[in-house]
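The values are calculated or read from the model by the stated rules, or taken from the named source; none is laboratory data. Keep in mind that what you see is a predicted model, and the values were worked out from it rather than measured. FYI the Cβ positions are ideal-geometry reconstructions off the backbone, even for glycines, and counts take in every protein chain you see.
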Amino acid sequence: VVAAEVSYITTELPLFNADAIQNSQKINLYDSLDEDVLKSYNEFSLASLILFAMKEGACSEQSSRMTAMDAASKNAGEMIGKLTLTFNRTRQAVITRELIEIISGAAAL
């Protein structure tokens, strides 16, 4: 098991309450702001922030999986290269040994 140290950068997203929304400067551009509109906006804002966090988490997970698979593919390629080299060296040694046996057998006759 390989232990990997992973660091996370956390970000706090602002969640405004009804008083903060009513007292903001740009919200005064709208003509009528009753409690239902502010409540709906607050609910929408909260739902949007939660959806954003979920999407960001899913993207982070996929990115981590892609990075891990890329590293695994590179490692597998290196391992195949080493095993191929070992196989070829062993095969060549067997061929050489057989040739030596044939030559020494022919010389004995």
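Any chance segment 11-19 includes a residue that's outside any loop (DSSP other than H, G, I, E, B), of a type in the set (Gly, Ala, Ser) and either modelled with pLDDT under 80 or under 30 Å from GLU61 (Cβ atoms) (or both)? The answer is yes; a qualifying residue exists. Against the list (1) surrounded by 10 or more Cβ atoms within 10 Å (Cβ to Cβ); (2) part of a helix (DSSP H, G or I), the condition ALA107 fails is (1).
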